[in-house]
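Taking it in order: structure first as structure tokens, then the write-up.
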Amino acid sequence: MNPILTAGGLNTFYGRSHILFDMGLEVRQGETVCLVGRNGAGKTTTFRSLMNLSPPKSGRVRFMGRDCAGLPPYKMARLGLGFVPEDRRILGPFSVRENLEMGVISGRTGRWNLESVLDCFPTLRRMLDRMGASLSGGEQQMLTIGRALMGNPEVLILDEPTEGLSPVIVGELKELVLRLKREGTTILLSEQNIRFALAVSDSVAVMDKGRAVYTGPVESFRNDAEIQSRYLAV
Ligand SMILES: Nc1ncnc2c1ncn2[C@@H]1O[C@H](COP(=O)(O)OP(=O)(O)O)[C@@H](O)[C@H]1O
Ligand SMILES: [Mg+2]
């Protein structure tokens, strides 16, 4: 399969702090790629760089056959890069229905609409008129993913989706990601929960101090105890 998203040589700064060092990655159509690495390794900054929320000072991002240097975040979203940030950003004073409707991106139609998203998230269907702020952490995570799907993304980016969730909800999230995968959704995620990463990914990139220090199929990563102990808190 062709790469749908490739990045290379990304150098990203926050003010004077150099955070990403020649970071690169590749995501093929239909594949699930997971960035792993300790807190502060640069996973979120990588996603922010792809979206141009933190524009890299140098490097290349190619998405959907296009060179994306300097494209503002809303244009990245229109091209089909759907980003679910780590802090979820549910709009508290709006209902679940309104939060979902805000995910619609003009010009992007496809498999996902309010009905199909609610079929995928039966819990959300039961709380359509509840305010976002009244949802539990797990419900909010489902809502942010549902909202991103409403934009019919070509690549769905999930930044540490299991963070702070109970084991039961993590289990539901795993089933959801596996289902999206079976349906052919292309997913780029980051995780510190290695069991979750191993369960859902096709390939893994390990980040350390703003660099990709290892990239390979999930099976090689699973069997590489040395990489796991050197770069991860396992
Ligand atoms: N807004 C910011 N300003 C300055 N430094 C930041 C900011 N956000 C993150 N950093 C620093 O950038 C590095 C990478 O952070 P981040 O990309 O959030 O890592 P991860 O997502 O892997 O935990 C860390 O050293 C972090 O302290
Ligand atoms: Mg992060």
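The values are calculated or read from the model by the stated rules, or taken from the named source; none is laboratory data. Computed from a prediction, not measured in an experiment: that's the story for all the values here. Using ideal geometry, Cβ is built from the backbone for each residue, glycine included, and neighbour counts are taken over all protein chains shown. All accessible areas refer to the heavy atoms of the entire protein, side chains included, with ligands and DNA or RNA removed. Shrake-Rupley method; radii C 1.70, N 1.55, O 1.52, S 1.80 Å.
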- Has the stretch 54-62 got at least one residue that is away from ligand 2 (no atom under 16 Å from the Cβ), open to solvent by less than 40 Å² (accessible area, probe 1.4 Å) and touching a residue at least 60 places away in the same chain (Cβ under 8 Å)? no
- Those helices (runs of 4 or more DSSP H) completely within the stretch 36-104 that have 2 or more residues that are of a type in the set (Asp, Glu) are 96-101
- Please state which one of Pro85, Pro93 is touching a residue at least 40 places away in the same chain (Cβ under 8 Å) and more than 15 Å from ligand 1 (Cβ to nearest atom). Pro93
- Among the candidates Gly65, Gly103, Gly107, Gly42, residue that is within 25 Å of Thr162 (Cβ to Cβ) and out of contact with any helix residue (DSSP H, G or I) (no Cβ under 6 Å at 6 or more places or on another chain): Gly42
- Task: Test each condition in (1) away from ligand 2 (no atom under 16 Å from the Cβ); (2) touching a strand residue (DSSP E or B) at 6+ places or on another chain (Cβ under 7 Å); (3) at pLDDT 95 or above; (4) not hydroxyl-bearing (Ser, Thr, Tyr) for Phe221 and report the one that comes out false.
- Result: (3)
- Would it be correct to say that Gly65 is within 28 Å of Val104 (Cβ to Cβ), more than 17 Å from the chain's Cα centre (by Cα) and surrounded by fewer than 15 Cβ atoms within 10 Å (Cβ to Cβ)? yes
- Item | Filter result (β-branched (Val, Ile, Thr), open to solvent by 30 Å² or more (accessible area, probe 1.4 Å) and in contact with a helix residue (DSSP H, G or I) (Cβ under 7 Å, 6 or more places away or on another chain)) within the stretch 215-234 | Val234
- State all residues of the stretch 99-131 that are open to solvent by 30 Å² or more (accessible area, probe 1.4 Å), within 20 Å of Thr186 (Cα to Cα) and in contact with a Gly (Cβ under 7 Å, 6 or more places away or on another chain); if no residue qualifies, say none. Val104, Ile105, Arg108
- Collect the residues in the stretch 1-53 that are surrounded by 14 or more Cβ atoms within 10 Å (Cβ to Cβ), of a type in the set (Ser, Thr, Tyr) and either more than 12 Å from Ile157 (Cβ to Cβ) or within 13 Å of ligand 1 (Cβ to nearest atom) (or both), keeping them in residue-number order. Thr6, Thr12, Thr44, Thr45, Thr46, Ser49
